[in-house]
Amino acid sequence: MAPTTLPGVKTETSPYGRDCDKTGYPTKGPEMVAAVAPEGAYVARGTVANPRQLKGFIKKALENQIAGNGISFVECLSGCPTNWRTNAKQTWEYIEKDMAQYFNVGELRVPQAKEG
C-alpha cells in the first residue's frame, strides 16, 4: 500500500483493500505542503495520463526555484499495473478517472508576480 492507495483498493500489503478505519485515508501531499508553505511557493499535482500538463508543472516548479521565489513541490500520480492487476487500458482509466477524481489535479499554490 502506498500513501496514495485509494480506499478499498487491493494491494500486496492490503489484500482485502485499504481500510481507512485501520490505515487512515490516502495522503494528500500537495494540500499539506500548500497549507504550510511560505509565500513564493509553487505547489501542483499532475498525472502521467496528461504528460504535457505535468511537464508544464515541473517546468514552472524549476523556474520558481531558479528565480529564488521559494519552495516548489510537484506530485505526479502514476500507475502500478502489476500490483493493481490491470492491463494498459484499465491502468490509464484508473489514473484518469479514479485517482484524478480523489486527488485534484492542478496548481494549488502559484507565487504572486513580484512588483518591480
*Would you calculate, for the chain, the mean residue ellipticity at 222 nm contributed by helices, counting each DSSP H stretch of 4 or more residues as -39,500 (n - 2.57) and dividing by all residues, to the nearest 500?*
-8500 deg cm²/dmol
*Qualifying aspartates and glutamates (Cα of each under 20 Å from Cα of residue 97; at least 8 residues distant if same chain)*: 31, 75, 107
*asked:* What do you get for GluC sites (Glu not before Pro) in the stretch 14-88 restricted to DSSP loop and a cutoff of at most 15 other Cβ within 10 Å of the site's Cβ?
replied: 39
*For the pair residue 90 and residue 11, how long in nm is the line joining their label points, each one 7 Å along Cα→Cβ?*
1.8
*Taking the Cα centre of the stretch 1-68 as origin, work out the dipole magnitude from +1 charges on Lys and Arg Cβ and -1 charges on Asp and Glu Cβ, in debye rounded to 20.*
280
*Count charges around residue 18 for me, please; just the other residues with Cβ under 13 Å from its Cβ, Lys/Arg as +1, Asp/Glu as -1.*
-2
*Could you give the length gained on full extension between residue 50 and residue 36, defined as 0.36 nm per residue of separation minus the Cα-Cα distance, in nm?*
2.3 nm
*If each residue's Cβ is checked for other Cβ atoms within 10 Å, how do 95, 66, 71 rank with the fewest at the top?*
66, 71, 95
*Which entries of 28/55; 22/60; 10/59 show an alpha-carbon separation above 31 angstrom in the structure shown?*
22/60; 10/59
*Given 40, 70, 88, which one lies farthest toward the positive end of the charge dipole of the stretch 22-116, if we put +1 on the Cβ of every Lys and Arg and -1 on the Cβ of every Asp and Glu?*
88
*Spatially proximal aspartates and glutamates relative to residue 89 (Cα-Cα < 18 Å; intrachain offsets below 8 disregarded)*: 98
*Provide the percentage of antiparallel DSSP beta bridges, counting only those with both residues in the chain; round to the nearest 5.*
35
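Taken together, the values in this text are just the output of simple stated rules run on the coordinates, not laboratory data. Please read these numbers as outputs of a predicted model, since none were measured by experiment. Every residue, glycine among them, receives a Cβ derived from its backbone with ideal geometry; neighbour counts consider all protein chains shown.
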